[in-house]
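A.B. asks: Take this structure, written in structure tokens, and hold onto it; I'll ask about it next.
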Amino acid sequence: MKRINYLLRGGLTFAVILLLASCNGKKSTDDVEKDAPRIPGSLRIAYVDVDTLLSKYSYAIDLNDMMMKKEENIRATLNEQARDLQQEGAEFQRKVQNNAFVSQDRAQQENARLQKKQQDLQELQNRLTNELQSENQKNSLQLRDSINHFLKEYNKKHHYDMIFSNSGFDNLLYANQSFNITKDIVEGLNSRYKAKKK
């Protein structure tokens, strides 16, 4: 009885696979949408390789370049101020060792000024880092919104039930390359982005 049950399940599975294969066959996705009737209970799925999308989508590239320039500018500003502070600290130490200060009170004032300058530099670093992180989050949300909005428009024509994201082996361990719609998505996003830039 169990053997018959396994054979029936196996035969049914094989029949469903053949039915899906005959509907999808060697036709393109557009041909399937036009010609093949929708099989009740079947899913139309696709996936987008997120790494490829982010490396080829002009808006993502522009955002990344902009953020890298900002980070480089912040780093340069902080490094310059840290160098200045270090030089002032070394000069202070040299004066202390050579008894160059007129009084102990004057040495303490200079030390307090340097400590305040160091504290201000630390606060500046924290503020700039927080601003950069906040802008990065905002950009990520805008990028995600841009992609999601485009996918909704794209799907009005292609009628997928699910579109997965794939980044390395994070979500999909294996998928047939015919389900990969990354190229279409990148081309559509870039076309829309170029039109907005003009």
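A.B. asks: Of all residues in segment 166-187 being more than 14 Å from ALA60 (Cβ to Cβ) and crowded, with 16+ Cβ neighbours inside 10 Å, which is nearest to the chain's Cα centre (by Cα)?
C.D. replies: If we take residues in segment 166-187 being more than 14 Å from ALA60 (Cβ to Cβ) and crowded, with 16+ Cβ neighbours inside 10 Å, then ASN166 is nearest to the chain's Cα centre (by Cα).
A.B. asks: Provide a single number: the residues in segment 74-85 that are closer than 20 Å to SER134 by Cβ, in contact with a Leu (Cβ under 9 Å, 6 or more places away or on another chain) and open to solvent by 70 Å² or more (accessible area, probe 1.4 Å).
C.D. replies: Total satisfying the criteria: 0.
A.B. asks: Could you pull out the residue among ASN111, ASN136, ASN148 that is open to solvent by 40 Å² or more (accessible area, probe 1.4 Å) and either of a type in the set (Asp, Glu) or farther than 30 Å from TYR47 by Cα (or both)?
C.D. replies: Values: ASN136 fails: either of a type in the set (Asp, Glu) or farther than 30 Å from TYR47 by Cα (or both); ASN148 fails: either of a type in the set (Asp, Glu) or farther than 30 Å from TYR47 by Cα (or both).
Sole residue among the options that is open to solvent by 40 Å² or more (accessible area, probe 1.4 Å) and either of a type in the set (Asp, Glu) or farther than 30 Å from TYR47 by Cα (or both): ASN111.
The values are calculated or read from the model by the stated rules, or taken from the named source; none is laboratory data. Predicted model, so just to flag it, every value in this text is computed and none were measured. No Cβ is skipped: glycine too gets one built from the backbone with ideal geometry, and neighbour counts run over all protein chains shown. In case anyone asks, the SASA skips ligands and DNA or RNA and just uses the protein heavy atoms, side chains included. Shrake-Rupley method; radii C 1.70, N 1.55, O 1.52, S 1.80 Å.
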